[in-house]
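Only the coordinates and a few stated rules stand behind these numbers; no lab work does. Predicted, not measured: the structure shown is a model, and the values here were computed from it. Positions of Cβ are generated from backbone atoms using ideal geometry, with glycine treated the same way; all protein chains shown enter the neighbour counts.
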Amino acid sequence: MAHASKRLSRRDIRRPDQFVTLTGRFFHFVTHYRTHFIAAAAAIIIILLGLWGWEAYGARQNRLAAREYGSALSLYHEGRYLQAVDAFVRLRSYSASSYSRLAILYQAKSYLALENPVKAAATLEELLQRERKETFLRQIGLLTLASLQERTGRCKEAVSRFAEAEKIAGPFKDDALLGKARCSLQNSDLKEALNSYRQYLINYPGSERSGEISLRIQEIEAKIGPGNTGK
């Protein structure tokens, strides 16, 4: 049985359409607050342009820095250390590039090659101030500074640098552990040296230096005496 369609009353016809009403309200709102909308849109555009500009600036800095880094590294490997220092100093001006921190490391290495340990140490300290995260670069910086301090008779300072380098996940943990052991021995801290050498054998049982380290352990144990080796 067919149902009769509902007839629209005059009141229904005169009633505003909901879509039209909402659209009208929206445009009224936009018109009323037009200045605010324009300001917000302009701010968004400025932010987007700023982000794009910074990204473009960073990419350009990296390209230029990579070129400078290649030239500076060539000078270093050719043994032209004075020129290399100047080149790495220029490279550091590309502060938005990761090459700037590498430049500090190689500037320090150039000073070491020039037998200027004071400037080398100061430059390495600067690198560690800038490279705060536990990265491969920080590990190299710590290890290079600790080795320099060890060579210049400053093992009390070096042992903490070696210890910090050993805690960073990287390819030089073994060197850092051995450095810590050597400096502990130099500082007459026999137990710490013994613990470090023992830890080396545990961590690197197949090392080519295992025989040498085992002999050093025996020597330290003999100095400490029975009952004091902490086994």
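Per-structure values
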{"read-out": "Residue pairs, from the table Lys156/Lys223; Lys133/Lys173; Lys109/Lys191, whose Cα atoms sit over 25 Å apart", "value": "Lys109/Lys191"}
{"read-out": "Förster radius 25 Å - calculated FRET efficiency between Asn203 and Phe136 (Cβ-Cβ, nearest 0.05)", "value": "0.85"}
{"read-out": "Sorted by Cβ density within 10 Å, fewest first, the residues Cys155, Cys183", "value": "Cys155, Cys183"}
{"read-out": "Positive minus negative residues near Gln149 (Lys, Arg vs Asp, Glu; Cβ under 13 Å)", "value": "+2"}
{"read-out": "Cα Rg over Rh - segment 89-191, Kirkwood", "value": "1.00"}
{"read-out": "Set of aspartates and glutamates near Lys180 by C-alpha distance (under 13 Å), chain-local residues within fewer than 8 positions excluded", "value": "Glu150, Glu157, Glu164, Glu166, Asp189, Glu192"}
{"read-out": "Size of segment 133-231 as Cα extents on the principal axes (Å, biggest first)", "value": "42, 30, 20"}
